[in-house]
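Contents: one structure, followed by commentary.
Values in this text are rule-based calculations from the coordinates and carry no lab data. The structure presented is a predicted model; accordingly, all values stated were derived computationally and were not measured. Ideal geometry is used to build each Cβ from the backbone, glycine not excepted, and the neighbour counts take in all protein chains shown.
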Amino acid sequence: MARSTIKNQITTAESIEQILQENKNLINDFLIYLKSIDRSPQTIKQYKNDLEIFLVYNLQNNNNKPFVDITKREFVRFQSYAIEEWKWSPNRLRRVKSVLSSLSNYIENILDDEYPNFRNLIIKIESPAKQNVRENTVFTDEELQKLLDHLISTNQIKQAAMLALAMYSGRRKTELTLFKVSYFKDENIIFDTFWRTDEKIRTKGKGVQGKMINLYILKDKFQPYLDLWLKYREDNHIESEWLFPSTKDPSKPISIETLNYWADTFTTFLKKDFYWHSMRHYFTTMLARQNVPNNIIQEIINWESADMVDLYTDISKEEKIGKYFLENKLE
């Protein structure tokens, strides 16, 4: 069964505007604090979104109460509401509670002169057990090739090239936006197999800089789609250092929101839930099927542990056993 996501439109610009000003000020100060301790922009954005969700709930169900006055009972009611009404998974609820707990720690430890009696109540409230509520969507070569062919035939060259880049690099969604045209030159080809970026790219990790690494892209697999996209750029006078520039402002890379929209259209075509991280599984599985050793896959994707390879390899136990005995018959 493919993984699925229940999406709820909880906040609006109008509802956020109605949040108590004292709570707004508190959130803004907290976000400034996060910047001061080198949290990444993406982390800060996620914290802001989660806090706005809670404060809109507080507006609608708690008479817009100051955050510092919310009781344990009211936090428990929020927890129950999120699970029963919004159908949140335990994992999502735990994440939002973690953000609320971080805000509470900030108030307790940093703003203790303003709120001397405040204590973090979130940590006292038990959370639902963490669950694996999603199964990975596993795509076959045939399914993805059919999608690529469809995108090319309908002149959606940019989408096809981005999909191919994801398939043949295994990079995260945010990293896909950061590729530059200059990375795809002959000097960057190694072992006649990969392009290796000549700049280190910011990837997931602590701090604003994250983890800076060089990225690998399978050359022969990606080349046809790269060529189509570069020709499209030339024919349409698209000039930008970014491989996939923003349509509105070519000086900036394509937005995450655009990739999210494309993912929805891919889901409609494939009739299976498409999300960009599934291509990280696809890339890992493809290398594993080519008998690339786990420690080499680890180096290509730049994981800290080779254990991650097994986690991202979508090969059934039967396929592994069958492959071995087809190649190594028992005497």
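Here are a few things to note about the model shown:
- Rg of the Cα atoms in the range 141-325, relative to 2.2 N^0.38 Å, amounts to 1.04.
- Cβ-derived FRET efficiency at R0 25 Å, residue 154 paired with residue 246, nearest 0.05: 0.70
- Reachable aspartates and glutamates from residue 271, criterion Cα separation under 19 angstrom, eight or more residues apart if same chain: 135, 141, 142, 143, 149
- Gap separating the Cα centres of the range 13-52 and the range 215-247, nearest whole Å: 36 Å
- Ranked for footprinting exposure by Cβ neighbours inside 10 Å, fewest first, 52, 187, 175 give 187, 52, 175.
- Protection proxy ranking for 162-173, 237-248, 99-110, using the average of other Cβ atoms within 10 Å per residue and placing the highest first: 162-173, 99-110, 237-248.
- Multiplying the residue separation of residue 76 and residue 200 by 0.36 nm and removing their Cα-Cα distance gives an extension gain of 40.2 nm.
- Residue-averaged [θ]222 nm for the chain, counting only DSSP H segments that reach four residues, each worth -39500 (n - 2.57): -16500 deg cm²/dmol
- The tail of the calculated P(r) for the chain beyond 33 Å holds 40 percent of all Cα-Cα pairs.
- Relative to the Cα centre, the charge distribution of the chain, modelled as +1 at Lys and Arg Cβ and -1 at Asp and Glu Cβ, gives a dipole magnitude of about 580 debye.
- Normalised by residue count, the range 13-124 yields a Cα convex hull volume of 108 Å³ per residue.
- Degrees between helix 317-327 axis and first principal axis of the chain (Cα, 0 to 90, nearest 10): 20 degrees
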